[in-house]
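These notes are about the structure you will find just below.
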Amino acid sequence: MSHIIAFYFEFNQLKQLFRQGWLRHGVPPERCESVADHSFSVAVLAMLLSDAHFPDLDTARVLRLALLHEFGEIYAGDITPADGVSGEEKHRREEDSVVRVLSKLPNGEMYITLWREYEDNQSPEARFVRQIDRLEMALQASVYQRQGLLDPAEFLRSAGAALSAPELRRILDELTA
């Protein structure tokens, strides 16, 4: 079982990794969400919205994708567009991180395949989780706005451009009204 302990220590790093976009926009570290916080919020939203509004999706698969979607950041870090790293290089670094962490596990290849499914937008579940990822960002930006920490306009526009499901757009529209 030592591989489980080692795995825990690796993915636990996501609790210490702050979301860089928030820091760059002035959210102080002591108030900034971590990548683990974000992943938990995405998973909860994805589960609830999948169950309530997307009966054709496999909610168990949605949850797995949501929980794994940021594992590339364990060793690559939270790379943002402001870092000047190409999309190809970001993907390479994140995939190296995912393989490094997950390949040591029983069923590791299954988890790596799921992460790749998310990254490549290969399924309805992956496309849904990608939209939830953006919706969660908009919701978190609104939390920071209510706390007087930032102007959410840039994040709301970004989320709006990424959301295609009418049910998710309605949530964003209500948030911005």
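Values in this text are rule-based calculations from the coordinates and carry no lab data. Predicted model, so just to flag it, every value in this text is computed and none were measured. Here Cβ is always computed from backbone atoms with ideal geometry, including for glycine, and neighbour counts include all displayed protein chains.
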- Given only helices, namely DSSP H runs of n ≥ 4 each adding -39500 (n - 2.57), what is the per-residue ellipticity at 222 nm of the chain, to the nearest 500 deg cm²/dmol? -21000 deg cm²/dmol
- Sorted by Cβ density within 10 Å, fewest first, the residues 3, 69, 25: 3, 25, 69
- Under 18 Å by backbone N from the virtual spin label 7 Å along Cα-to-Cβ at residue 105, the residues of region 24-47 are 35-44, 47
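Rounded to the nearest 0.05, what FRET efficiency do residue 51 and residue 146 give with R0 = 35 Å and r taken as the Cβ-Cβ distance? Could you check?
Rounded to the nearest 0.05, the efficiency is 0.80.
Rounded, prolate or oblate, given the Cα gyration tensor of region 103-177, with a/c below 1.5 counting as rounded?
Because a/c hits 1.5 or more and a/b exceeds b/c, region 103-177 counts as prolate.
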- Put a dot 7 Å past each Cα toward the Cβ at residue 116 and residue 5; how far apart are the dots in nm? 3.2
- Cα centroid distance between region 133-172 and region 21-89, in Å? 13
- Item | Sorted by Cβ density within 10 Å, fewest first, the residues 33, 109 | 109, 33
- Interatomic Cα distance distribution for the chain, bins of 5 angstrom, percent: 1, 8, 16, 20, 21, 16, 11, 4, 1, 0, 0
- Message: Quick check: pseudo-label points 7 Å beyond the Cα along Cα→Cβ at residue 24 and residue 12, how many nm apart are they?
- Response: 3.0
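Rounded, prolate or oblate: which fits region 1-92 when a ≥ b ≥ c are the square roots of the eigenvalues of the alpha-carbon gyration tensor, with rounded for a/c under 1.5 and prolate only if a/b beats b/c?
Cα axes put region 1-92 in the prolate bin.
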